[in-house]
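Here the structure comes first, spelled out in structure tokens, and everything after it is commentary.
The values are calculated or read from the model by the stated rules, or taken from the named source; none is laboratory data. Every value quoted in this text rests on a predicted model; they were computed, and no experiment measured them. Cβ coordinates were reconstructed from backbone atoms using ideal geometry, including for glycine residues, and neighbour counts include every protein chain displayed. Surface accessibility is based on the protein's heavy atoms, side chains included, excluding ligands, DNA and RNA. Shrake-Rupley method; radii C 1.70, N 1.55, O 1.52, S 1.80 Å.
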Amino acid sequence: MSLPERNNEGFLENASEWDEAVARAIAAESGIDLTEKHWEILFLLREFYKRHEVSPPSNRLFVKAVKDSLDEDKGNSIYLMQLFPGTPAKTACRIAGLPRPTNCL
Amino acid sequence: MDSTPAAGLPGYSLVISGGLYSSQAPATALAFAKALVSTGHRIDRVFLYGEGVSLASALNTPPSDETDWTRAWQELLTDQDIPAFACIASALRRGLLNQQEADRYQRPAANLADGFVIAGLGEWVQALADSDRVIHFPGGA
Amino acid sequence: MSKPDSKVPPVTATLHLVNKTPDHSRFAECLLAMGQGDYLLLMENAVVAVADCRHRLPPDTGFLVADARARGLGDEPSEKGPQPLEYADMVRLTDRFHRIVSW
Amino acid sequence: MTDSAVLVVIDQPPYGDWQGREALDMAFSLAAFDRPVALLFRGPGVNWLRPGQDAGPLGQKTVSRNLGAATIFGVEALYADTTSLAHFGLRDMEPPAETVSPDAAFYRSFSHVVQL
């Protein structure tokens, strides 16, 4: 498929062009095959962004956001690192079609 | 200026959030920093935040008969080997970029002055943990 | 009136650095926040407070001489009232106070 | 260094400049490093807590929504100055904050006080 326009780090330029097929394609670039566990986090992250107009700006805060909605078996860095390798907050935001978290931290 | 910090004196970090031409903060902070150095104190780091990042632009070009604050700061930072950080989020918003950020965001130029590094707020959090004193120079009014 | 470096402040005592004019809300907020053993240092535009008859400054107040001279304000020490301070005196204050708040 | 929290003060109203937002980023950053942090809204800054904000038409983010993430990120407490709330006719707050009358004892209960 042809993906919507993205910046040079793979983040969507326009968040409204995101859909599940786009997510699968972006995930595949990082060798991630999206499962139910991934979708649970991706939808949580999109809901978080919709409510707070901000992506969790660091891995630690990503963990805290997940822990707030789910529980400790999912709101921990090992679990999120396994699902979204590399920098989990960035990888997950990229697949979820959210802006690159402010690199303030 | 003395260059060997005396033992037993508190170590300092300075935070500048007042802008270069919208406040006196960079000038006051420089005078204070020089007084610290001349009394044998250690300056652990300088952190520029908010409007304060304007100090770190290599493109600041004041008339020749006015103080060039950016250059004056660069001299102190180099002489005393003081690390100076400009907050990345504050800097990018205001058009202050190093080469790496210019490449990342596909911007036509980089303008970060030598002696300054672009870094996250973590450097500020670290200053609160590491330095005995963190002195903040805010904008005025 | 003693020089600021002549006494050891209690652990919770705070050095307040104010750089805004007495008309700025932060100036009043700072005065409200001052407690036992605190010291008030007037810097930059705050030094005009030494000429402002509307305010009673706390006994332990100093002002930066360079800022006062620039603004045409006297820098002579007076028996009562704010003490003129060089930047080196400011360093003595920041060494002595563990808590420092900028307003 | 003590374990008591850093207090970040917001005393400018929202939307007119970036000062409050950048103060909020400082609070988020402390939370990201698991350093205890609290926020105080004082003076016109209490307008950050006014319910029903929508800054979309200004092309800005709605700060009260950003602020809603604070407790999730681990900001220990939100405080609002009682007198300022009365000045600006604020009875309800979104997100909710604890009302205080900040004095020397209040400020001294924090390891650092940060005001941009």
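What is the number of the single condition among (1) free of Cβ contacts under 8 Å to residues at least 40 places away in the same chain; (2) open to solvent by less than 10 Å² (accessible area, probe 1.4 Å); (3) in a loop (DSSP other than H, G, I, E, B) that D:Val75 does not meet?
With (1) free of Cβ contacts under 8 Å to residues at least 40 places away in the same chain; (2) open to solvent by less than 10 Å² (accessible area, probe 1.4 Å); (3) in a loop (DSSP other than H, G, I, E, B) applied to D:Val75, the lone miss is (1).
Look through the stretch B:131-141, keep the residues that are under 29 Å from B:Leu59 (Cα atoms) and more than 10 Å from chain D (Cβ to nearest Cβ), and return whichever of them is modelled with the lowest pLDDT.
If we take residues in the stretch B:131-141 being under 29 Å from B:Leu59 (Cα atoms) and more than 10 Å from chain D (Cβ to nearest Cβ), then B:Ala141 is modelled with the lowest pLDDT.
Could you list, in sequence order, the residues of the stretch D:23-45 that are assigned to a helix (DSSP H, G or I) and of a type in the set (Phe, Trp, Tyr)?
Scanning the stretch D:23-45 gives a single hit, D:Phe28.
May I ask you to list pairs of residues, at least six apart or on different chains, whose Cβ atoms are under 9 Å apart, with the first in the stretch A:65-94 being over 23 Å from A:Glu29 (Cβ atoms) and in contact (Cβ under 8 Å) with a residue 24 or more places away in the chain and the second being surrounded by 21 or more Cβ atoms within 10 Å (Cβ to Cβ) and among the charged types (D, E, K, R)?
none
Could you tell me which of the residues C:Pro82, C:Pro22 is farther than 24 Å from B:Leu36 by Cα and touching a helix residue (DSSP H, G or I) at 6+ places or on another chain (Cβ under 7 Å)?
The unique qualifying residue is C:Pro22.
If you scan the stretch D:46-64, which residues turn out to be within 14 Å of chain A (Cβ to nearest Cβ) and in a loop (DSSP other than H, G, I, E, B)?
D:Gln53, D:Asp54, D:Ala55, D:Gly59, D:Gln60, D:Lys61, D:Thr62
Would you point out the residue of the stretch B:92-118, among those that are out of contact with any helix residue (DSSP H, G or I) (no Cβ under 8 Å at 6 or more places or on another chain) and assigned to a helix (DSSP H, G or I), that is farthest from the other protein chains (Cβ to nearest Cβ)?
Among them, the one singled out is B:Gln99.
Regarding the stretch B:119-130, can at least one residue be identified that is more than 9 Å from chain D (Cβ to nearest Cβ), within 15 Å of the chain's Cα centre (by Cα) and open to solvent by 20 Å² or more (accessible area, probe 1.4 Å)?
Yes, that holds for at least one residue.
Identify the single condition in (1) buried (at least 22 other Cβ atoms within 10 Å of the Cβ); (2) touching a residue at least 24 places away in the same chain (Cβ under 8 Å); (3) on the phi < 0 side of the Ramachandran plot that A:Gly97 does not satisfy, given that it satisfies every other one.
Unmet condition: (3).
Give D:Arg91, D:Arg50 a once-over and let me know the one that is open to solvent by 50 Å² or more (accessible area, probe 1.4 Å), touching an Asp or Glu at 6+ places or on another chain (Cβ under 9 Å) and more than 30 Å from C:Gln36 (Cβ to Cβ).
Exactly one residue qualifies, and that residue is D:Arg50.
Checking B:Ala89 against (1) more than 9 Å from every other protein chain (Cβ to nearest Cβ); (2) assigned to a helix (DSSP H, G or I); (3) of a type outside the set (S, T, N, Q), which test does it fail?
Answer for B:Ala89: the failing condition is (1).
Exactly one of (1) in contact with a Phe, Trp or Tyr (Cβ under 9 Å, 6 or more places away or on another chain); (2) away from chain D (no Cβ under 14 Å); (3) open to solvent by less than 10 Å² (accessible area, probe 1.4 Å) is unmet by B:Gln74. Its number?
(3)
Would you please name the residue that is nearest to the chain's Cα centre (by Cα), looking only at residues in the stretch C:20-52 that are part of a loop (DSSP other than H, G, I, E, B) and within 12 Å of chain D (Cβ to nearest Cβ)?
In this case the residue turns out to be C:Asp38.
Answer yes or no as to whether B:Ala127 is more than 19 Å from D:Ser29 (Cβ to Cβ) and touching a residue at least 24 places away in the same chain (Cβ under 8 Å).
Judged against the criteria, B:Ala127 is not a match.
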